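Okay, so here's the structure we're looking at.
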Amino acid sequence: MDKRIRVITINKKLRLRLLIQNGLFVLLLLLLVGLLGYLGRENSIQWDISQNGRNTLNQASVEVLQNMDGPVTVTVYATAQDARLGDIRKIISDFLALYQRIKPDFTLTFIDPTEHPKITQEAGIKVNGEMIVTFNGRSKHLTIVNEQVFTNLLIRLVRSGEKLVMDLSGHGERRLDGRANHDLGEFGKQLSMIGFKTSALNLAIAQDVPVNTSVLIIASPQVDLLKGEVDKILAYVARGGNLLWLIDQESLRGLQPLADKLGLTLTPGIVVDPQAQQLKAPITFALGANYGQHPVTRNFNSITVFPFARQISLNESKEWNSVSLVEVAQNGWVETGKLGSNVTFDKTHEVAGPVSIAAALSRTLQDREQHVAIIGSGHFLANSYIGNGSNLGFGINLINWLVDDENLITIQPRATLDSNLTMSKSALAIIATGFLIVLPLFFVVCGVAVWWRRKRK
């Protein structure tokens, strides 16, 4: 009788102990789940597995946000539902969340135009989903949800004052507003998108280069400049003006004094790059992949294409700090003879690669830094070739450095390579069979096996 009572007492103790253990386990599990939930809310970690990283911001966008000292506010005037786009608020908030993760003081506010028509009218809103982005007391409107456009808008808000880019005209130069294949119209359009003002300058009419000019572009004049025009350009450089000079293989058209002033030696001939021929491009297309250490080429690892390039050599100068920006044709040379289908290197008369075709000069003048860039190919920014490689990005980087805004790098749109997942009917059938039949059957069999084992015990 005593033994039986003892057994019952032990069983009750075991049950109590098991109950306490189970209770502690459940409590700890709940605490763990709560802790994980808290950490998940406070520390968001994401992995972008899309092929071209389209669900994360481009590094250039990140750099722009990091250089913005102060809060950014975005006010979106959008209804809860749009007849064409559906839940437009979610589309915009998901897009801007990429920026909010980088910049904590990036705030987003929605206003329904139907509920607040007066406020909407006063704000000048014309489109459902239109945004007003404000930074440092400056505001701009935006109607497109796109990283390139939005980051360009942020760059325009960051820029202090208006930056005027003037292109020399009157001598058959490549024009920033031109549509011909040899013109720079597409480049000029991109400059306008990121906040630059562009204008043509005819020095035969103008008394001088305007003092508010941020950059003067000389792009391959086709006729000789008058001596008075050259003198005005030299005066502009002498007083610290920034310059982008695009030089093709033709004559300098009276600008030899400018080359002397900058300490340049311009070798005749066209760069021949056999590597381009291996890539099914013309042998006269010099491929840029080796870049000098400079703000223009910082974090720039893309290929650029310089058609019909010429060599740019820098003389030693105590006045200018010079850097070779691009070296091409590692296995090529500067061809001085006629270009044909079987051009060959003549080591007695021609310069072997690598060949420098771009240079950046700088000096401190009147307590400010002056910037000059010389590129031995006006074609690389022309409408016909600006889409090759990363020519546009390189050109924008040049302008940003020339106006002393090298920290602001514009970005190129990334192609949506994997927005849709296309699968064959057989692949879809295998996936459907696996998830709808095989996996459920597997779990049922496992459950029956566990039940059977417990029953036998």
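The values are calculated or read from the model by the stated rules, or taken from the named source; none is laboratory data. Owing to the predicted nature of the structure, the values given are computational and were not obtained by experimental measurement. FYI the Cβ positions are ideal-geometry reconstructions off the backbone, even for glycines, and counts take in every protein chain you see.
Couple of notes before you dig in:
- Pair list, Cβ under 6 Å, 6 or more apart: segment 365-389 residue more than 20 Å from Ala180 (Cα to Cα), other residue hydroxyl-bearing (Ser, Thr, Tyr) and part of a strand (DSSP E or B): Glu369/Ser362; His371/Ser362; Gly389/Thr304
- Lone qualifier among Ala352, Ala289, Ala359, Ala276 - being aliphatic (A, V, I, L, M) and more than 32 Å from the chain's Cα centre (by Cα): Ala352
- If you go through segment 308-337 and pick out every residue that is buried (at least 17 other Cβ atoms within 10 Å of the Cβ) and assigned to a loop (DSSP other than H, G, I, E, B), you end up with 7.
- Sole exception among (1) closer than 23 Å to Phe150 by Cα; (2) at pLDDT 75 or above; (3) not hydroxyl-bearing (Ser, Thr, Tyr) for Ala429, by number: (1)
- Of the candidates Thr109, Thr75, the single residue that is outside the structural domain of Gly195 (by TED's automatic domain parsing), in a strand (DSSP E or B), touching a residue at least 40 places away in the same chain (Cβ under 8 Å) and over 27 Å from Asn299 (Cβ atoms) is Thr75.
- Criterion violated by Gln275 - all others in (1) closer than 15 Å to Ala359 by Cα; (2) modelled with pLDDT under 90 satisfied: (1)
- Here Gly353, Gly376, Gly340, Gly387 are screened, and the one residue that is crowded, with 22+ Cβ neighbours inside 10 Å, not hydrophobic (A, V, I, L, M, F, W, C) and not assigned by TED's automatic domain parsing to the domain that holds Glu63 is Gly376.
- Checking segment 440-454 against the condition returns no match, with no residue being part of a loop (DSSP other than H, G, I, E, B), surrounded by fewer than 21 Cβ atoms within 10 Å (Cβ to Cβ), modelled with pLDDT of 75 or more and among the β-branched types (Val, Ile, Thr).
- Only listed residue being farther than 30 Å from Ser93 by Cα, of a type in the set (D, E, K, R) and modelled with pLDDT under 55, chosen from Asp2, Asp48: Asp2
- In summary, Phe150 fulfils each of the numbered conditions (1) surrounded by 18 or more Cβ atoms within 10 Å (Cβ to Cβ); (2) assigned to a strand (DSSP E or B); (3) outside the structural domain of Val372 (by TED's automatic domain parsing) with the single exception of condition (2).
- Unique match (being within 23 Å of Asp94 (Cβ to Cβ) and more than 21 Å from the chain's Cα centre (by Cα)) among Glu173, Glu122, Glu115, Glu162: Glu115
- The selection criterion, being touching a residue at least 24 places away in the same chain (Cβ under 8 Å) and either basic (Lys, Arg) or under 18 Å from Ala373 (Cα atoms) (or both), does not hold for Pro210.
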